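The values are calculated or read from the model by the stated rules, or taken from the named source; none is laboratory data. Computed from a predicted model, the values in this text were never measured in an experiment. Cβ placement follows ideal geometry from the backbone for every residue including glycine, while neighbour counts extend to all protein chains displayed. What goes into the accessible areas is simple: the full protein's heavy atoms, side chains included, and nothing from ligands, DNA or RNA. Shrake-Rupley method; radii C 1.70, N 1.55, O 1.52, S 1.80 Å.
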Amino acid sequence: MSRTVSTASSTDPLTSHVVSSEDGTPIEYFSTGTGPGLVIVHGTMQSAASQSELAAALAATFTVHLVNRRGRGRSGAYPVLDRYDLALDVADVAAVVAATGSTAVMGISSGGIIAAEVALAAPELAVILFEPALVADGSLDLDAFLRRFEPEAARGDVPAYMVTALLGTQMGPGFLRFFPRRMLESSTRKMIAKGARALPVGGATMGELAAAVPYDMRIVAQRADRIADYAAIRGPVLLITAEKSPAYLRHAVARLGELLPGARVGTIPGVGHSATQNAKEGGKPEAVAEVVREGIDALRAN
């Protein structure tokens, strides 16, 4: 059955909500649009605001719910790092799915791992995974990266661990790898010290984002070399990658495609791992929205 859907971006405002997670922690999310519910789970150094333009582009097709993960906005804090487990983030997203009655969940990068875990426990959900940060088949030397990152995080050296994470996960422009670490750490320190400016709806301060990075790295470490677990996902799956993303992320999408033969795979041309973000952050939200709409339609038609 065919249907006509407007692809114009919505100008509807984001409405704020708070739900209690399984352990009582408040989790903030923002909603816009009409149609079946789609929960979007952001990645590292992001907040609910990071995909606000993607939400607007999808609002004619879905009621989109943008989660603010812990440590951002009105969402509660993470526990101390040594007590953290991925199950906390999974429960937080599951609470938003339940509160909204959503039928689909989309996860981005580390948020893609969270979304995949939610999908394992809820086979009725459709799941959209944009380059989940799954290290598989030696695609990234994670051990070498963590040997430096974890002591920096343990002593609270935020500029140092931010730079280590940036370089170790191959994020940011490639030319940064030729800059001295001291220069990168100094720039990071100044960026954090600027403090909060006027934040967009669903936004987070640089300090909040930086403080959450060690938790994202724990997510990546806890699911390293466990990609085969996701062969057990039973709901419809849409996998999305970007043409210019790091090879290990594109490899994760390719491997998931092999493990989930019924999955549909889409590629965003001309952009890297920032594809889902707002345009001023290097994203192509309209292009991602088109892939999401077409992919979900195709999966529902099967």
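Residue separation of A298 and R181 scaled by 0.36 nm, minus their Cα-Cα distance, works out to 37.5 nm of gained length.
How much accessible area per residue does region 218-271 have, in Å², with a 1.4 Å probe?
Details: 2370 Å² over 54 residues.
Counting only protein heavy atoms, the per-residue value for region 218-271 is 44 Å².
Taking only Cα atoms and a 10 Å spring cutoff, compute GNM fluctuations for the chain and point out the largest among Q277, Q170, Q51. Sorting by GNM fluctuation, first place goes to Q170. Atom-type composition of the exposed protein surface of the chain places 54 percent of the accessible area on carbon and sulfur (1.4 angstrom probe).
Relative contact order of region 89-208, taken over Cα pairs closer than 8 Å and 6 or more residues apart, is 15 percent. Heavy atoms of the protein chains alone define the surface here; on that basis region 156-202 has 65 Å² accessible area per residue at 1.4 Å probe size.
Simple rule: put +1 on each Lys or Arg Cβ and -1 on each Asp or Glu Cβ in region 217-274, find the dipole, and look at P269, A247, Y230; the Cα lying farthest toward the positive end is Y230.
Residues considered: D137, D23, D216. Largest GNM mean-square fluctuation over the chain, using C-alpha springs under 10 Å, is found at D23.
Accessible surface computed residue by residue for region 59-99, with neighbouring protein chains in place and a 1.4 Å probe, gives 34 Å² per residue.
Split the chain at each of the trypsin sites (Lys or Arg not before Pro) in a DSSP loop with at most 15 other beta carbon atoms within 10 Å, and the longest piece is 75-154.
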